[in-house]
Every structure is written in C-alpha cells, then in structure tokens.
Amino acid sequence: MSILQVRDLTKSFGGVQAVRGVSFEVGAGELLALIGPNGAGKTTCFNMLNGQIRPDRGSVTLEGRDLTGLSPRRIWRMGVGRTFQITATYASMTVRENVQMVLLSRHRRLFDLWRPAASEYVDEALDLLEQVGMRPQADRPCGVLAYGDVKRVELAMALASEPRLLLMDEPTAGMAPKERIELMALTAELVRRRGVAVLFTEHDMDVVFAHAHRIIVLSRGALIASGPPPVVRDDPDVQEVYLGSGAMFAKEGAA
Amino acid sequence: MGFLVAQFLSGLAHASSLFLVAAGLSIIFGVTRIVNFAHGSFYMLGAFVAYSLADRLSGALGFWGAVAGAAVFAGLLGVAVEVLLLRRLYRSPELFQLLATFGLVLVVQDLALAIWGPEDLLGPRAPGLEGIVRILGRPFPQYDLLLIALGPAVLGLLWLLFHRTRWGILVRAATEDREMTGALGVKQTRLFTSVLFLGTALAGLAGALQVPREAANLQMDINIVVEAFVVVVIGGMGSVAGAFLASLLIGQLQAFGILIFPQVTLVLVFLVMALVLVVRPYGLLGRPQAVPRAGHAPETPIAPASQGARIAWAAALAVLLALPLAVGDYALVVLTEVFVLALFASSLHFAMGPGGMVSFGHAAYFGLGAYGAGLLMKHLGAGMVPGLIAAPLAAGLGALVFGWFCVRLSGVYLAMLTLAFAQIVWSVAFQWYSVTGGDNGILGVWPAAWAAPKWAFYYLSLVLAGGGIYLLRRVIFSPFGYALRAGRDSPLRSDAIGIPVKRHQWAAFTLSGAAAGLAGGLYAYSKGSVFPNLISISTSVDALVMVLLGGVQTLTGPIVGAAVFHGLETEMVRHTDYWRLLLGVAIIAMVLVFPQGVVGALERLRPRRPGQAREEAVAR
Ligand SMILES: Nc1ncnc2c1ncn2[C@@H]1O[C@H](COP(=O)(O)OP(=O)(O)OP(=O)(O)O)[C@@H](O)[C@H]1O
Ligand SMILES: [Mg+2]
C-alpha cells in the first residue's frame, strides 16, 4: 500500500519549468531517494509536497486524502514532517526548546498563555535528542551549533511531530563523509522502528546506495528513471545525466 | 466647475512640493536602504535658509538666488550628515536608523529654534509671480502654476539623470541590486555621499519654494516627512516614478478630501495608504526588498529568573512598598510615572522583542487607553475603576483592528504603517473637537477619592503596572510566547510545524496594545488630563528609546530603560530649554555606541558561566 501518491506535479517559475509532470508513489515504511543534478527540481518538488508552494498542475494524495493546495501547517498536522536543505531552526532557543516547540505544537498547546513552556514535555524532548545523539548538547543555544549538529536537531524536530511521511531535503549536506553515513544509518534505523516512510534527496551516492530501498531520478524537472538501486545505477539515461553534470557516479564506481 | 478646477490645480501644486521631498527620500532609501526620518528637517531648513537669504539678497535674482542657495545648503548639510552619521548606520537594523535620524530631527528642531526663534516667518513673494490668473473665472496664484510645472520637470530631469549619465546608471544599479553596490568598493562611498546631496538638496529646494506660500515654522519638518513617508510607501520605496504617482494621488486626496471631510483629511490619506499596502505590500511601483536584514545578532535563549535574581526582585519590591513611608509626594509622583512608563515600554518590548514587530506608533495604544478613560469620564461621567477597565479594552480593540493590517508587513513597511495608524489616532483626537475637545484635551480626569492621595495612587500604579509587566513576562515564557519567538526566528520552520505565525503575531500585537492602553489609562489619572500629544510621534519614540536604552534583547531592559529615561528627562527639562537637543544627541549616541542597551551592556560585563564565552565566540 502506498502512503503518498504524486500525480503529474508541475511547476514553472516565470519561464523556467522547474518540475514537469512528475508522478510517483511512496510505500509505507519505504525509504525512497529522489536524486538528480543541481537545479533538477528536487527542492521544488518537496516544497509542493509540504504545501510551501502551490503546484501549477497535478495532485498530491496522502493515504487517500488530497493535500494539493493546503497550507504547510495543515499538511504537517496530517502527518508530513520535513527537514530543510538550508537548515531552519530557532537560533534564540536551546536545542531542547527547539524540540519542545514541535511537541507543544503537536499537542495543540500554542495558545496556552500561562504555563512555562520550557518545563513542558521535557522527557519526551530529551528522549528524542538522545536518539539523534544530541542529548549532551540539549541546553546549548541552537544558534551556536556546528552545522552537522543542526541537521541532527532538525531530525529530532521532524521525529517529534510523529510523522507518517518524512521529507528530508539533503539531510547530510555539509557533513563529513563518515558523519553522513552515520546519520543516514540512524535515520534508516529510526524509520524502521517507527514505520515512517521517508522521501529524501541526497547528492552523496554512497549514502543513497547504502540506504535507499528505491530511487527515482529527476533531471531538468522530469522523472527519467525509477527502481531499485542496482537498476537505476545501470540505467543508461541516468548515467548520461550524471556523467554530464558531475562525478558522483564515477566516485561511486571507484568506491 | 471653476471651483473644482481650482481645487484640482492646487492639489497639483501641493503634489509637486510633495514629490520633490518624496523623490529625495526615495532615492536616498533606494541606494542606502536608510529611511531618513530627518528628511523633513532638510525641507524645514531649506525654508528657513531661503527666508534669511532672501532677506539679505535683493531684487529678482535675490529671491531665486535664495532658493538655489537654500537647496545647495541643504545638500551640503546632507553630505555632512552622511559622512558623520549615516555612514555608521548602513549595517544597523532599520529601527536604529529610524531612531538615529529621528534624533537628528530633534537636534535640528532645537537649533532652528535657537537661530530663527519660535515665531512663524512669512517670506517674500516670488518676484514676477506675485499676482493671480483667472481660471474659469476663479483666481489662482501664478506662483502655484510654476510649482505645478516644476513637478513633471523635476521628474523629467531625474529620468535623464538616471538614464543618461554614468552616475545615474550606477545609482539605478545600486537601487536594484544590493550585491552590486557592495562590489563597487571605494566608489560606493562617493556614490552614497552624492546621493545624499541630491536627495537632501531636493528637500531643501522644496522647502525654499514653499516660502512664498506658507510661513516657515518649526512644525514643518514632521508634517512634511510624515506625508512624504506616506507617498514613498504608497509609491514603493526606491521608486521615483512611484513617488510621482503617489504624490499626485495624495495631493488630490487632500485637495478634495478637505471638501468632503474637512476634519479627517489626514485619516483619509492614511486609510488610502493602509489599503494600498494590503493590496500591494510593496507599494504601487515598488519591488520586494530582496534580503530581509539580519538585524541583531541572534538572541541568547531566555531563562527564568535565577535564585539570585528572584531575591533581588523581591528586595526591590519590598523597597518600593516601603517607600511611601520614607519619601515625599514629589518622589512618589515621579516613581508613579516610572511605573506607568515601565509598563508602556514593556508592552512595546513585547511586540518588538519576542514578536519581532517594530512598532513606530505605539503611542496610538497608549493614547487610546488614555482617551478611553478620559472620554468615558467626560461623556458618561464614569469613575476611575470603569475608566481603568475601559483603557486596555479600547486600546486592545484599536490594536486588534490596526494589527490585522500590520502583521501582513515587515521591516520598514511595518514601521511606517504603525506610524501611520498612530497619526490617524492622533489626528482624530486632535481634530474631532466635539468629542475629544481637540487640543484643549480632556481635563479633570481624576482618580477616585480612595486613590486620590499620592501614596494611594502610587500603590495602585505599582500593582497594576507591576501586574501588567508580570503578565507580559509570564506570556513570554508560555507556549504562546515561545511560538511567537519561533515565528520571528524562522517563519519557514514555524509554518512547517503547525504554528499559525500571523495569528500569533496578531494576538501578540493586540495584547501589547492592551497593555499599552492600561499604561495610558493610568497615565491619564496620574496627570488628571488627556491631550493629543500623548499620541504624538515623540511619545512613540520615547517608548522606543526606553526599550533600546534598556536593551531589546533583555527582559528587564524596558523597566530599567523607563526608569533611566524618565529620570534623565525629568532632570533635563528642569535644567535646560534645549532638552530636545540633548535627547536627540543622546539617542544618536546610544544607537552608535551602545546598541545593546544598559541591561545588555551589564550582562556582557557579568562573569559568565563556563562555556558561554566560548559559545558566543563560535556564534560570531
Ligand atoms: N522561487 C523560485 N523562483 C524562481 N526559480 C526558482 C525558484 N525556486 C527554484 N527555482 C528554479 O527551479 C529550478 C529547480 O530548483 P530546485 O531548487 O528545485 O532544484 P534542486 O534539485 O533542489 O537543486 P539543488 O540540488 O541545487 O538543491 C532551478 O532552475 C531553480 O533556479
Ligand atoms: Mg534543493
């Protein structure tokens, strides 16, 4: 059974057709990688899935419910969590408070004017931070963390919303290679345990081939291939796209 | 028919002067990204200098020489201001730029007062254009025809300048693309300075040309700059053509508005502006500001008061409670005012700090509170208790309505819109004579008998203001307050985790307005009267100064700021006639050397917990 169905998604910015007629599905508990060269339209796809931008055409359905055109807030409440390519956390709050903020929202406590927020859902927040290995830094301001650590906090925040589908836009960008593999292994493990479906984009093919159950490939806004990793790797179209634009597959071949 | 045509033409003449001022403001903003509050001061100085020069020079050449001289003088002064002040502000948050240039307004006002005296000065008429012409049988001043022609002429000249000269092309490029300005390097300095010359010379020219039409006076600066703000905001910041269109619109609105609603032309003007901003948030011909400015360094996380701080607060409270036993009525009155201002400042801080909404017109809510209490007394004979209940309600209602518009905008546009709303409230209080008593104010707003002794009112203020501040603080630490800060820190993330950012901001704006209203109500009963100047721009700026003096990023800042500010003001007014000059200099100094405020500076000095210094170093 697929949890997310994307049909004919299309978006242009002025003259640029960023995404053209993209259709795919994400299965329950599936780790699906969306890959493609820079500017292929991956982030634009994500933005349409979580409601940040409205598609020109096409539909997005989550477990049979139509999400197209809803606000990010509504879509989040329906169970779609997200991490950002350019991290977006709350710099003036501590790491723990960042996670608490999500928990407060999930429990619909945002209009509570009285009880101190910092003492709500403390254990739950610390538990989540423990899972992503950020518990020792729980009381540091989020604005001073190293980039890789912010990515971990984002993961904890995404998990805090107990999503059924998690969208991760380049979850490991800006990290050291070893850290990347670790973070993705962690994600895969958490996802397996919680039964969350994940759609992620990633430029590091080591990460993709180590963890993705299935891969879809986007090039200039259109889907050009999809299937299990070995099939996609050997697809001539995919190889051409990647040979033309960078050495990522070459690197993978060497490794 | 003739009458309507004459009205139309005088609207055009007004539009021309307005355009000269607004074009200068807009060009300066386009390149430097500074909203120059002091722009009106150059206009006023232009008028005064032209008056004095025309007095000295004689003959036909004398008058035009004086006009040209005044424009050049204003331009040179603009250069001096750029070199000495603005240059240090290019990277500051918008609020600091507005405040520092408002400091300049205060300085210029007092200097002009010292040089030209308080009287209105009626200048000579323009030689050769003293007469009138008849248009469809109606008399019309010849001089106004000249002005009408001048607007489009200046527009044309500016167009040539910006499209046909190297300098102008650079200016346009800088206006459209910030990155490219940075890449100019050394040339950037010269470009900015010369742009200031052009912009302020235009303002000076407009002021000088006004001399034959109206007496030069000390209120010209604020009046024109507020109008120019409206024009620039409607036209779109940085767009000269937009400024031209908007001047025509505003000129006509005033010419005909005065026929339809003589009392409320100002309201009409601001309403049009609010509507334009709702439909086109960047003005008619403006474009979105590319990068929102990174304002302050990220705030450090807030923490509930430590054990030590709690003890200090309790001790301070005990001292305040015991004080009436020890000091006389004068000290109690001053302290009562400090309490009230502390609540006012805290309410503004709530909107600005956690809410991230810089209000440049918070006096509106202070004033609505005061008038809410005053009007209830005047028209219904209500006493103090209903008055103090009505005050936050009236202000909260005002903030609810105005806030709906305000939360749609951010940055300079938000600041301008809050300012505009404050001016609406002010003009209603000032002009709706039959209800508000106009500038005679409302007298006899005295506390109930039980609260009449100074010590009793002192306690009442302590309880209400202290309670209000406590509540605001409580809200800042609540989930609501956290969600508010979340929306300020990252609207993108907040939207993606289910926080309705605008709704939170709106609610916070309303709450902040209600708290300011309670302060206003208390203020009314402490003074026994209510006047329109409670809603003036200076009251709004006073509140901003209190918040900044204490430090925006601190929670105790507004309280300390209010105490320091009120103490200094009380002393300054006692010892000098030129308190505005001192205040202006103090504001500029504060923005330049002390931007994190008193409490912020103290916190920096305090010994810190281990690791914190390192973290802050990493953050840089
Ligand atoms: N808001 C926008 N306005 C105009 N063009 C846009 C906008 N967002 C994206 N684009 C364009 O759409 C195309 C796809 O961009 P997108 O960010 O989705 O690519 P991506 O696959 O995420 O790239 P990367 O790997 O670099 O993150 C690009 O050509 C980009 O320039
Ligand atoms: Mg991307």
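Each value in this text was obtained by applying a stated rule to the coordinates, not by laboratory testing. Keep in mind that this is a model prediction, so the values were computed, not measured. No Cβ is skipped: glycine too gets one built from the backbone with ideal geometry, and neighbour counts run over all protein chains shown.
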Cα-based Rg then Dmax for the stretch B:53-146, in Å, read 18.9, 56
Can you find, among A:V153, A:I75, A:L167, the residue farthest towards the positive end of the dipole of the stretch A:74-203? Put +1 on the C-beta of Lys and Arg, -1 on that of Asp and Glu. A:I75
For the stretch B:1-126, just say rounded, prolate or oblate: build the C-alpha gyration tensor, square-root its eigenvalues into a ≥ b ≥ c, call rounded for a/c under 1.5, and beyond that prolate if a/b exceeds b/c, oblate if not. oblate
Past the 16 angstrom mark, what percentage of all C-alpha to C-alpha distances in the stretch B:430-472 do you count? 57 percent
Projected label distance in nm at A:R192 and A:L113, using a 7 Å step from Cα toward the beta-carbon: 5.0 nm
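Sorted by packing (mean other beta-carbon atoms within 10 Å per residue), highest first, where do A:81-90, B:458-467, B:18-27, A:225-234 land?
B:18-27, A:81-90, B:458-467, A:225-234
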Averaging the inverse of every distinct alpha carbon separation and then flipping it gives the Kirkwood radius. What is it for the stretch B:22-217, in angstrom units? 17.8 Å
Just tell me how shielded A:101-111 is by partners: mean number of partner chain Cβ atoms within 10 Å of each residue's Cβ, no decimals. 6
How far is it, in nm, from the label point at B:L400 to the one at A:A222 when both lie 7 Å from their Cα along the line to the Cβ? 5.6 nm
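For the stretch B:326-537, what is one quarter of the convex hull surface built on the Cα atoms, given in nm²?
11.7 nm²
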Any trypsin sites (Lys or Arg not before Pro) in the stretch B:499-579 that lie in a DSSP loop and have at most 13 other Cβ atoms within 10 Å would be none
Dmax and Rg, reported as Rg then Dmax, of the stretch A:39-197 (C-alpha, Å): 15.8, 47
Take B:R134 and A:R65, extend 7 Å from each Cα along the Cα→Cβ direction, and tell me the distance between the two endpoints in nm. 7.8 nm
Angle, helix B:240-260 long axis vs. longest principal axis of chain B, Cα atoms, 0 to 90°, nearest 10? 80 degrees
Would you kindly state how much longer the chain becomes between B:L443 and B:W64 on full extension, computed as 0.36 nm times their sequence separation minus their alpha carbon distance, in nm to one decimal? 131.6 nm
Nearest 500 deg cm²/dmol is fine: what mean residue ellipticity at 222 nm does the protein assembly as shown get from its DSSP H runs of n ≥ 4 alone, each adding -39,500 (n - 2.57), divided by its residue count? -21000 deg cm²/dmol
For the stretch A:1-80 and the stretch A:202-238, what is the separation of their C-alpha centers, rounded to whole Å? 17 Å
Please give the charge dipole size of the protein assembly as shown, origin at the Cα centre, charges +1 on K and R Cβ atoms and -1 on D and E Cβ atoms. Round to the nearest 20 debye. 460 debye
Cβ-based net charge around B:F192, under 11 Å, with every Lys or Arg adding one and every Asp or Glu removing one: +3
Summarise the partner chain shielding of A:71-82 as one whole number: the mean count of Cβ atoms from other chains within 10 Å of each residue's Cβ. 3
Considering Cα pairs under 8 angstrom that are at least six residues apart, work out the relative contact order of chain A and quote it in whole percent. 26 percent
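Give, rounded to the nearest 20 debye, the magnitude of the charge dipole that the stretch B:22-217 has about its Cα centre when Lys and Arg contribute +1 at Cβ and Asp and Glu contribute -1 at Cβ.
600 debye
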With the 8 Å Cα cutoff and a minimum separation of six or more residues, the stretch B:126-271 has a relative contact order in percent of 11 percent
Positive-end residue, the stretch B:22-217 charge dipole about Cα centroid, Cβ charges, pick of B:A206, B:V83, B:G46: B:V83
Going toward the positive end of the dipole of chain B, with +1 on Lys and Arg Cβ and -1 on Asp and Glu Cβ, which of B:L191, B:P532, B:S461 do you reach last? B:L191
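Taking chain B on its own, what percent of its Cα-Cα pair distances exceed 44 Å?
In whole percent, the long-distance tail amounts to 21.
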Within the under-11-Å Cβ sphere about A:R57, not counting A:R57, Lys/Arg +1 and Asp/Glu -1 give a net charge of +2
Using only the Cα atoms, work out Rg/Rh for the stretch A:204-243, with Rh taken as the Kirkwood radius, to two decimals. 0.93
So what is the diffusion coefficient of the protein assembly as shown in µm² per second by Stokes-Einstein at 4 °C and 1.567 mPa s, using a Kirkwood Rh over Cα pairs? 43 µm²/s
For helix B:166-176, what angle does its Cα long axis make with the longest principal axis of chain B, in degrees from 0 to 90 and rounded to 10? 30 degrees
Is there a quick way to get the dipole size of the stretch A:1-80? I mean about its Cα centre, with the Cβ of Lys and Arg at +1 and of Asp and Glu at -1; what is the value in debye to the nearest 20? 300 debye
What average count of beta carbons from other chains do you get within 10 Å of the Cβ of residues in A:136-143? 4
